[in-house]
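To start, the structure itself, in C-alpha cells.
Each reported figure results from applying straightforward, stated rules to the coordinates on display, with no laboratory input. Computed from a predicted structure; not experimentally measured. All Cβ positions, even for glycine, are placed from backbone atoms using ideal geometry, and neighbour counts span all protein chains on display.
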Amino acid sequence: MTDTAADPVQAFIADTVSQHDVVLFMKGTPDAPRCGFSSLAVQILDHVGASFVGVDVLQDEALREGVKQFTDWPTIPQLYVKGEFVGGSDIVREMFNAGELQALMAEKGVALGQVDA
Ligand SMILES: N[C@@H](CCC(=O)N[C@@H](CS)C(=O)NCC(=O)O)C(=O)O
Ligand code: FES
C-alpha cells in the first residue's frame, strides 16, 4: 500500500481516477496514441461510446512508473472505471468481445454513447 498523502504522483492518480468516471492512462493522447496497445484501448472505448479522460504517461516519467505502482500492474495502458482498475489492453479487448466492458459500464452507471462536451 502506497501512502498517497506522502507521494504527489500517487495522490494525482488517486484524484484523477476518483474525479472522472473513465480514465485511461496511456502512451500519447486519445487523438494521437503513441503505442498500438494504447491505440487499441482508445478505439474500444470510442467504439462503445464511453467518454473518457486520457492521461499521457509519456509526459512524465514519474507518472509512467507511478501508475504501475498504483495498482501493481506493470504495463500501460491502464483503464479505470469509477476509480477501479479494470485492466490493460488485453483485458479490455477480451471484455469488449464478451460484452463485459459494456456491462461493466452499465453496472457502474457510466453513460455510453454520450457526445463529448
Ligand atoms: N499486454 C499488455 C500490453 C501493454 C504493454 O505490454 N505495455 C508495455 C509496452 S507499451 C509497457 O507499458 N511497458 C512498460 C513501459 O513502457 O513503461 C496489455 O494487455 O495491456
Ligand atoms: S511503446 Fe512499444 S509496445 Fe508500446
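Candidates are the residues of segment 25-55 that are among the aliphatic types (A, V, I, L, M) and within 14 Å of ligand 2 (Cβ to nearest atom); the one that is farthest from P77 (Cα to Cα) is A32.
Would it be correct to say that V48 is crowded, with 21+ Cβ neighbours inside 10 Å and within 29 Å of G113 (Cβ to Cβ)? Considered against the rule, which asks whether it is crowded, with 21+ Cβ neighbours inside 10 Å and within 29 Å of G113 (Cβ to Cβ), V48 comes out as no. Name the residues in segment 51-62 that are over 15 Å from L112 (Cβ atoms) and either surrounded by 15 or more Cβ atoms within 10 Å (Cβ to Cβ) or among the basic types (K, R) (or both), would you? Matches in segment 51-62: V53, G54, V55, D56, V57, L58. Taking segment 63-90 as the range and being over 16 Å from Q19 (Cα atoms) and surrounded by fewer than 18 Cβ atoms within 10 Å (Cβ to Cβ) as the test, the residues that pass are R64, E65, K68, Q69, T71, D72, W73, P74, T75, D90.
Scanning segment 45-61 for residues that are under 12 Å from the mean Cα position of the chain (by Cα) and not hydroxyl-bearing (S, T, Y) yields a total of 8.
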